[in-house]
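Here, each number is a calculation from the coordinates, and none is a lab measurement. Note that the structure is predicted; figures quoted are calculated from it, not measured.
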Amino acid sequence: MSDAVPEPSPEVAVEPEHDPAAPAPLHVPRTPTGNAEVDAGLERLGDADHLATDGHLEVYEDVHRGLRDALTALDARPETPVPSPSYDKRAPSPSYGTRS
């Protein structure tokens, strides 16, 4: 018997087969807008890169809902009270009634 330890065989890197139907990132650049809600939606779109196409719908609907909520929030401005007129527009000014 030999006391020699057999050397491990060199491992060969096995590349996975290319599957054209597998999800592939599109690497579409997403430029921040400065609005936190909108930027979060843009980042959420990146999740679709790792999903099969049947999973994209859920991501798109989620992003659409978030963008719609952000736009709705812009429309929900606090109401400003309407200033009351200083005179009644239907009645003539008092200065008109005292002509000489």
In order over region 44-56: 3J(HN,Hα) from phi, Karplus 6.51/-1.76/1.60, θ = phi - 60°, whole Hz, x for each Gly or Pro, gives 4, 4, x, 5, 5, 4, 9, 10, 5, 4, 5, x, 5
Here region 26-40 yields Karplus 3J(HN,Hα) values (6.51, -1.76, 1.60; θ = phi - 60°; whole Hz; Gly and Pro given as x) of 8, 6, 7, x, 10, 8, x, 9, x, 9, 4, 5, 5, 5, 5
